[in-house]
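Comments concern the structure below.
Laboratory data are not the source of any read-out in this text; all were calculated from the coordinates shown. The shown structure was predicted, so the numbers you read here are calculated from the model rather than taken from an experiment. Here Cβ is always computed from backbone atoms with ideal geometry, including for glycine, and neighbour counts include all displayed protein chains.
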Amino acid sequence: MSFATYQQVVLASGNPGKIREIQAILADHPIVPQSAFNVADAEETGTTFVENAILKARNAALHCKLPAIADDSGLVVDALNGAPGVISARYAGVGAGDRDNLDKLLRELEGVPDELRTARFICVMVFMEHANDPCPVIAQGVWEGRILDHAVGENGFGYDPVFWVPEQGCASAQLPAALKNALSHRGQALKRLSALIKARKNG
Ligand code: IMP
């Protein structure tokens, strides 16, 4: 894995579900969550995933004085004009939990027929060598699916219990962790990020 070029890489996230998934995908190269350095979360003031991912990576690199990777991700629902989008983590309000956000989504989609419940998870991953890195490495992953009308499954986090994965015939929360990591927006973005970092180092 190309991250191995760096002695230590900090992960700009405090979300336990994400940390678990990213660490599982980067199994051969330990990353240190920013919480280990007592770094406060960056304010997510951007209106796009890429802006917020850069803000998070820069914040972590600045305070930890280390190369940093950050992920900004969320759910984009066609029938809601792209909502919850960049506010996926706080859709039901600041401090809302996964269940509150998911319940709000189901309420907003009440009465919307199956064929119009198309949606996708987006993940943008950013790597910055230092806080002033003028050319962050940026990779995106997209995972297409549909929103169910009720929650099923116990695995994953966030909106996984209502995200139907057509090619597997089940909800994301019913997938074993390794399979979700192989298919997901986050898994795709990390693989691309890793390849891009490798290309940059060799370039
Ligand atoms: P972020 O920390 O601003 O990137 O927020 C991402 C939010 O999007 C999470 O808190 C979840 O609500 C949602 N999300 C992102 N990726 C996933 C996933 O893989 N499964 C379920 N929900 C996700």
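Under 1.5 on a/c is rounded, so check that first for region 143-201, then, if it is not, pick prolate when a/b is larger than b/c and oblate when it is not; a ≥ b ≥ c are the square roots of the alpha carbon gyration tensor eigenvalues. The shape class here is prolate.
Which pairs in the list 56/198; 65/198; 56/191 are over 28 Å apart, alpha-carbon to alpha-carbon? Correct reply: none exceed it. If you sort the three axes of the alpha carbon gyration tensor as a ≥ b ≥ c, you get a/c of 1.5 or more for region 69-132 and a/b no higher than b/c, which makes it oblate. Applying both filters, DSSP loop and at most 13 other Cβ atoms within 10 Å, to the GluC sites (Glu not before Pro) of region 34-112 gives 43, 110.
Helical content alone sets the calculated 222 nm signal of the chain at -9500 deg cm²/dmol, taking -39,500 (n - 2.57) per DSSP H segment of four or more residues and averaging over every residue.
Region 60-105 and region 108-184 have Cα centres separated by 12 Å. Going by the alpha-carbon gyration tensor, a ≥ b ≥ c the square roots of its eigenvalues, is the chain rounded (a/c under 1.5) or, if a/c is not under 1.5, prolate (a/b greater than b/c) versus oblate? In terms of gyration-tensor shape, prolate. Helix 16-25 axis versus longest C-alpha principal axis of the chain: approximately 60°, rounded to the nearest ten.
Comparing 69, 94, 15 along the charge dipole axis of region 2-202, the residue lying farthest to the positive side is 69, per the Cβ-charge model.
Under a 5 Å amide H cut-off, with hydrogens placed 1.01 Å from N, residue 170 pairs with 165 among residues at least 5 apart or on other chains.
Counting only Cβ charges, +1 for Lys and Arg and -1 for Asp and Glu, the dipole size of region 2-202 around its Cα centre is about 740 debye.
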